[in-house]
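*Asks:* This is the structure I have questions about; it appears just below.
Rule-based calculations on the coordinates, nothing more; no lab input. From a predicted model like this one, the values you see are computed outputs, not experimental measurements. Cβ placement follows ideal geometry from the backbone for every residue including glycine, while neighbour counts extend to all protein chains displayed.
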Amino acid sequence: MRTITATELRQKLGEILDAASAGEKILIERDHRPLAYLVSVEDVRTLEAEDEQIKRELAALDALIAIGEEWRQAHPLQAGEMTAEETVRWDRDHRDEEKWERSFGSDPEDPTRPDERKPTSQADDSESEP
């Protein structure tokens, strides 16, 4: 990116316009402060297309939020029912237990079953000896 002064822009306008139309980005300064950018028409069209895409995506998100609001009004949460957040947390917290049960066919919280997942400490063994 090239930086020029406003005076230089006035003096070399044709040359600078040619450079900008070729794709070069030019920063115009006055008193060492940024004043404006000079870019090609293609760059501006690309930026405008990106802006339109972002606007469409935001409109789609707004529509989803509205659908969610309508759903919550039509289907209010019942007493004792978990929220979506609580359901995700519960699933995450119990995923390992369900995997254990599918693999070994027993409840991992069963107190009569030794837990192979936890290492036994020597202190536990010494307490069980008479």
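*Asks:* Which one of the conditions (1) over 30 Å from LEU9 (Cα atoms); (2) touching a Pro at 6+ places or on another chain (Cβ under 8 Å) does GLN73 fail to meet, given that it meets all the rest?
*Replies:* It fails just one condition, (2).
*Asks:* Restricting attention to the stretch 10-37, and to residues there that are in contact (Cβ under 8 Å) with a residue 24 or more places away in the chain and of a type outside the set (Lys, Arg), which single residue is surrounded by the fewest Cβ atoms within 10 Å (Cβ to Cβ)?
*Replies:* LEU35
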